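Working notes for the structure below.
The values are calculated or read from the model by the stated rules, or taken from the named source; none is laboratory data. Bear in mind that the values here come from a model prediction, so they are computed numbers and not experimental data. Neighbour counts run over all protein chains shown; Cβ positions are idealised from the backbone, glycine included. Side chains are part of the model used for accessible areas, which takes the heavy atoms of the whole protein and leaves out ligands, DNA and RNA. Shrake-Rupley method; radii C 1.70, N 1.55, O 1.52, S 1.80 Å.
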Amino acid sequence: MRRFLNAKIRTRFVEQAVPYNWVLMKVGGALSFAIQSISLARVLLAGVPLDTPAGRRYLGFYLGAAALSACLLGGRELLKGRGLMVQYRTQQLLGALFAAWQAAFGCYDIWQQPSLSKIGAVTVLVAFGALAMMEPLYAAATLGLSFGGMAWFLTALGYPDAGFSYIMMGCVSLAVGWVRIWNIRAGLLRAQEMDHMSRALEQEQDQFLLTSEQYELLLQRGRMVTFVWNIRSGAVRFSRQWREIFGEERQLENAADYIRQSPRLNQLQKEEIFQCMDNARRMNYQKKDLLLPVKTGQQRWFEFQMATQCDEEGQPLLGVGVLFDIMDQKSRILELQKELQMDPFTKTLNKTALESYGVRRLQEMEPGQKLGMLVLDMDDFKNINDTYGHLCGDAVLARLGELMKGLAPAGTRVGRLGGDEFGALVDLPDGEQQARAYADALIQAVPGIQWEGKPLPAACSVGIAFCTGGVPYMDLYAAADRALYQAKALGKGRSWMGPLVEPEGGPASPAE
């Protein structure tokens, strides 16, 4: 129990369990007392012989059940004023005794009159497992001993199949009881979470009384806004930081109308906020990053968190939430993402980032659109490294990266594929002509690269390929690579455009 329900919510569980179990025991005790009274009347009035051991045992079972039923009926009054834990342990004792009595009577009744259709004890035990609000370990032990004892007794009488059925019935009862307790536990955890949110709101409201100097310091370091939204009336009230950050009134009588009419929010922002409001009616807790306009006119990222508080009938009543300014974290994440996509040496995209863009763009392309790829490779670059040293070779590659980016037409992504090989993806309506012009400009510019003011024997070759939508990125890359080797085979220092690459079965353009 201490692991299943932690110490902080165990007291709440007992507070709910005790009054509920007393009501259940009073109803069950009254029903059982009435049944035992009828059974006693039947024994006494029908002339059942009490001079036999069986008759006396039946009479004893009925009297014992009547006494237990009376305890169930009057237990609450007898323990009035006692602590909740004392009442809870008493309920466990009475429940265990009642279950044991039912199991014992069921076994004896079947022994006296073999009939597997007698399910009175089973019905009571199933109801006990499904309805009683008890600890999981206690329920498992009580049901296990009761059903297990009955199953063993039936097996000993020569009814193994019936014994197995009783074991399965006990497992089902335990499973039903476990699911019920689990749901109760989930409700208690939600209530605990709402308490935490409420305390956080109270602490935030207490901070409103800080001096102006303390408040400014807190605002600069925290930039946090708390709010309470009345889901039924639509009104929302914000902490003082709302006015400081957003420049709006702290009290809004109708949040939905404010969002709908706000000229500062774009359509996407309005839809996201309305989605959060809808979620509050279906979810106990939500968390989302929102880009919102602040009073300076800028757009800043905020982390939105809100917990929904329900009334006694389980209907959503209040939304208690917090807005955290996470613009600095978002900016840092974007910077890290850029760093992960960049080749640190040439300041162009790395191979993975270039491939990701190509794959995504090919998936988005509409019929008739084309995507082009240039693959540039330095001619005899090893000679530069061997003659002038690797420092010179590194400088050439860095300068080549600058030329690739500086001469690229708009809409072009440039990246380093590895070593002295670079790639560029051209996404333009007249891409073929601009790709040719781009390749020619690179071929003319590369020989102008110098090292320490001296010219170098630098040259490059370029392969060009275009494809339509539906073509895998690697097929486009392979086509541009083949065009590059064709350019080198024709004497280097030139470009070559390969045939148009189309999905398998499509027509292809003739090569130049």
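Can you tell me how many residues within the range 492-512 are open to solvent by 50 Å² or more (accessible area, probe 1.4 Å), at pLDDT 90 or above and closer than 16 Å to ASP379 by Cα?
2
Checking GLY64 against (1) at pLDDT 70 or above; (2) open to solvent by 70 Å² or more (accessible area, probe 1.4 Å); (3) out of contact with any Gly (no Cβ under 9 Å at 6 or more places or on another chain), only one condition comes out false. Which one?
Answer for GLY64: the failing condition is (2).
Any chance you could count how many residues in the range 233-283 are among the hydrophobic types (A, V, I, L, M, F, W, C), over 26 Å from GLN315 (Cβ atoms) and surrounded by 14 or more Cβ atoms within 10 Å (Cβ to Cβ)?
Result for the range 233-283: 4.
From ALA435, ALA408, ALA424, grab the single residue that is open to solvent by 20 Å² or more (accessible area, probe 1.4 Å) and either without any contact (Cβ under 8 Å) to a residue 12 or more places away in the chain or touching a Phe, Trp or Tyr at 6+ places or on another chain (Cβ under 9 Å) (or both). Walk me through it before giving the result.
Numbers: ALA435 fails: open to solvent by 20 Å² or more (accessible area, probe 1.4 Å); ALA424 fails: open to solvent by 20 Å² or more (accessible area, probe 1.4 Å).
Residue meeting the stated conditions: ALA408.
Note down all Cβ pairs under 8 Å where the first residue falls in the range 363-391 and is surrounded by 11 or more Cβ atoms within 10 Å (Cβ to Cβ), the second is among the hydroxyl-bearing types (Ser, Thr, Tyr) and part of a helix (DSSP H, G or I), and they're at least six residues apart or on different chains.
Listed pairs, sorted by first residue: MET373/TYR477; LEU374/TYR438; VAL375/TYR477.
For the range 471-501, which residues satisfy the criterion of being part of a loop (DSSP other than H, G, I, E, B) and out of contact with any Gly (no Cβ under 8 Å at 6 or more places or on another chain)?
Answer for the range 471-501, where residues must be part of a loop (DSSP other than H, G, I, E, B) and out of contact with any Gly (no Cβ under 8 Å at 6 or more places or on another chain): VAL471, PRO472, LEU490, GLY491, LYS492, GLY493, ARG494, PRO499, LEU500.
Consider GLY47 carefully, then state whether it is more than 46 Å from the chain's Cα centre (by Cα), modelled with pLDDT under 70 and not in a helix (DSSP H, G or I).
Working: more than 46 Å from the chain's Cα centre (by Cα): yes; modelled with pLDDT under 70: yes; not in a helix (DSSP H, G or I): yes.
For GLY47, the condition - more than 46 Å from the chain's Cα centre (by Cα), modelled with pLDDT under 70 and not in a helix (DSSP H, G or I) - is met.
Anything in the range 290-321 that is in contact with a Gly (Cβ under 8 Å, 6 or more places away or on another chain) and either in a strand (DSSP E or B) or among the basic types (Lys, Arg) (or both)? List them, or say none.
LYS295, PHE304, GLN305, MET306, ALA307, THR308, GLN309, listed by residue number.
Tally time: how many residues in the range 478-491 are open to solvent by 30 Å² or more (accessible area, probe 1.4 Å) and touching a residue at least 40 places away in the same chain (Cβ under 8 Å)?
2
Within the range 455-474, track down each residue that is within 48 Å of the chain's Cα centre (by Cα), in contact (Cβ under 8 Å) with a residue 12 or more places away in the chain and surrounded by fewer than 17 Cβ atoms within 10 Å (Cβ to Cβ).
GLY470, PRO472
Any residue that is free of Cβ contacts under 8 Å to residues at least 12 places away in the same chain, of a type in the set (D, E, K, R) and outside any loop (DSSP other than H, G, I, E, B) - is there at least one of those in the range 219-236?
Checking the range 219-236: at least one residue is free of Cβ contacts under 8 Å to residues at least 12 places away in the same chain, of a type in the set (D, E, K, R) and outside any loop (DSSP other than H, G, I, E, B).
Just to check your reading of the model, which residue among ALA408, ALA395 is assigned to a loop (DSSP other than H, G, I, E, B) and under 18 Å from GLY448 (Cα atoms)?
Step by step, each of ALA408, ALA395 is checked, and only ALA408 is assigned to a loop (DSSP other than H, G, I, E, B) and under 18 Å from GLY448 (Cα atoms).
Look through the range 74-89, keep the residues that are within 24 Å of SER37 (Cβ to Cβ) and crowded, with 18+ Cβ neighbours inside 10 Å, and return whichever of them is nearest to the chain's Cα centre (by Cα).
Per the stated criteria, the residue is ARG76.
Counting just the residues of the range 343-362 that are hydroxyl-bearing (Ser, Thr, Tyr) and buried (at least 20 other Cβ atoms within 10 Å of the Cβ), which one comes out modelled with the highest pLDDT?
Checked the range 343-362; the qualifying residue modelled with the highest pLDDT is THR348.
Would you check which residues across the range 438-454 are part of a loop (DSSP other than H, G, I, E, B) and open to solvent by 70 Å² or more (accessible area, probe 1.4 Å) and list them?
Passing the criteria: only GLU452.
Among the residues of the range 256-288, what is the count of those that are farther than 24 Å from MET327 by Cα and either touching a residue at least 24 places away in the same chain (Cβ under 8 Å) or among the charged types (D, E, K, R) (or both)?
8
I'd like the residue in the range 11-44 that is within 48 Å of the chain's Cα centre (by Cα), hydrophobic (A, V, I, L, M, F, W, C) and surrounded by fewer than 15 Cβ atoms within 10 Å (Cβ to Cβ) and, out of all such residues, is modelled with the highest pLDDT.
Among them, the one singled out is ALA30.
Looking at (1) among the acidic types (Asp, Glu); (2) over 20 Å from ARG494 (Cα atoms); (3) in a helix (DSSP H, G or I), which is the only condition GLU366 fails?
Unmet for GLU366, out of (1) among the acidic types (Asp, Glu); (2) over 20 Å from ARG494 (Cα atoms); (3) in a helix (DSSP H, G or I): (3).
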